[in-house]
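Read the structure below first, then the notes.
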Amino acid sequence: MSIAVPVERTGAERATLVRRTYSLVFASIIVTIAGAAFGMTQPAIMQAVVDHWFLTLVAVFAPLLLAQRWSREFPRNVALTGMFAFAEGVWLSPFLFLVNRTQPGLVGQAGVLTLGTFGALSLYATFSKRDFSAWGGFFIVGLFVLLATSILNIFFKNPTADLWIAGVTVLVFGGLLVFDTWRIVRSNTYGPDDYVPAAINIYLDLLNIFLAILRLLGGNRK
């Protein structure tokens, strides 16, 4: 029986992975913004998302699953990731439209705070000498607890609990962002061609941090 030995990545391979990953992350963010802007100009689409939010969410994640399946097949992997990012923006458009209408400027504030959080945590994960391998299991457990609590609050509809959940969401996905960044820049988890799953992890961390900060800034006002 053979034991799998982690492959040590060269400096050039790691630099290639980092460049490809973060290029795709920032491109996905721009595409998501474009999808949200498009959705907010289409009242019929926003109404369809509101009326059939679960079905449209399934449609959003379909290209994501395909991108993971063909994660090393360029350009299919990048195209599917872009489709997911655009669909995610469209899916979020009713919520962002409502926030912009009731609290102008709040989305921009949340975006700036999210970018600041991303920069600070990414630098910490990159330059810290710590081993963050244990953070993955810890924050994944926290994520499951967070999901269970969020589902319960759907039925109880407690505004105070919702704000606490938003605060914990920032902490959990902030921890996952540190862990995912460390895996990209320090560990041997990914090879230079594994930029799609690496980018998707960072993108989802940022998206959840942004939405949680937006809920905190909004004070849970509907």
Next on the checklist: Cβ-Cβ under 6 Å, sequence separation 6+ or interchain: first residue in segment 181-202 and in contact (Cβ under 8 Å) with a residue 40 or more places away in the chain and part of a helix (DSSP H, G or I), partner surrounded by fewer than 17 Cβ atoms within 10 Å (Cβ to Cβ) and β-branched (Val, Ile, Thr). Which pairs?
Outcome noted: Val185/Thr126
Checklist entry - Tell me, which residue of segment 99-132 that is of a type in the set (Val, Ile, Thr) and exposed (fewer than 12 other Cβ atoms within 10 Å of the Cβ) is farthest from Val172 (Cα to Cα)? => result Thr102
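Please specify each residue of segment 1-33 satisfying the condition of being of a type in the set (Gly, Ala, Ser) and at pLDDT below 90. Working first, answer last.
Within segment 1-33, the subset of a type in the set (Gly, Ala, Ser) is 2, 4, 11-12, 15, 23, 27-28.
Selection gives Ser2, Ala4, Gly11, Ala12.
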Item to check | Where Pro192 falls short, out of the listed (1) over 30 Å from Ala12 (Cβ atoms); (2) buried (at least 17 other Cβ atoms within 10 Å of the Cβ); (3) in contact with a Leu (Cβ under 6 Å, 6 or more places away or on another chain); (4) at pLDDT below 95 | outcome: (1)
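One line per residue, one yes/no per condition, for (1) modelled with pLDDT under 90; (2) under 26 Å from Gly39 (Cα atoms); (3) touching a strand residue (DSSP E or B) at 6+ places or on another chain (Cβ under 6 Å):
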| position | (1), (2), (3) |
| --- | --- |
| Asn100 | no, yes, no |
| Leu121 | no, no, no |
| Trp135 | no, no, no |
| Ile151 | yes, no, no |
| Gly167 | no, no, no |
| Gly174 | no, no, no |
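Look at segment 54-79 and say how many of its residues are of a type in the set (A, V, I, L, M) and touching an Asp or Glu at 6+ places or on another chain (Cβ under 6 Å).
Applying the first criterion (of a type in the set (A, V, I, L, M)) to segment 54-79 yields 55, 57-60, 62, 64-67, 78-79.
Filter once more, keeping what is touching an Asp or Glu at 6+ places or on another chain (Cβ under 6 Å): 60.
Number of matching residues: 1.
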Checklist entry - Looking at segment 151-165, is at least one residue among the β-branched types (Val, Ile, Thr), farther than 20 Å from Ala198 by Cβ and surrounded by 14 or more Cβ atoms within 10 Å (Cβ to Cβ)? => result yes
Checklist entry - List pairs: first in segment 41-59 and within 13 Å of Glu88 (Cα to Cα), second loosely packed, with under 15 Cβ neighbours inside 10 Å and not aromatic (Phe, Trp, Tyr), Cβ under 6 Å, 6+ apart or cross-chain? => result none
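The values are calculated or read from the model by the stated rules, or taken from the named source; none is laboratory data. Everything quoted here is computed from the prediction, not taken from an experiment. Cβ coordinates were reconstructed from backbone atoms using ideal geometry, including for glycine residues, and neighbour counts include every protein chain displayed.
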